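Derivation of every value follows stated rules applied to the coordinates shown; laboratory data play no part. This one's a predicted model, so the numbers in the text were calculated from it and none came from an experiment.
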Amino acid sequence: MLRWEFRMTRAQIKRREETCRTRPVVRRLRWIAGVLRAKGELPSTQKLGKRFKMSYKTVTRDLDLLRDFFKYPLAYDAKTYTYKLIGPLPEPVI
C-alpha cells in the first residue's frame, strides 16, 4: 500500500477496490464489442454511461479506442445519437 492509503478509512479503501474491480476498461470494451457483434449498433453514449456509471466522455473514449486501435468500423449517426457498424468486423481480440 502507498503511504497516503493508510489515511483512508476502511470504507474508502473498500469503495476504491470495488471500483477497480467493477469498472475495468477491458470489461467495458468486451461488453461493447459483444453488443456490436450481436446488434450492429449501440445505445447512445449517455445510456452507456448510465449503464457503466460513468461519464459519456469515457464511453466516447472507449469507442474511439475500439475504432482507432482495434479497427472496428464505427460511424456516428447524429440523427439517433448512436454508433453503428459500417463494415465487416475484425477478428475478435477482446
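Assuming 0.36 nm per residue, please report the length gained on full extension of the stretch Arg27 to Lys79 beyond their Cα-Cα distance.
Details: separation 52, 0.36 × 52 = 18.72 nm, distance 2.83 nm.
Separation in residues times 0.36 nm, less the Cα-Cα distance, equals 15.9 nm.
Once the chain from Glu91 to Lys39 is taken as fully extended at 0.36 nm per residue, the excess over their C-alpha distance is 17.0 nm.
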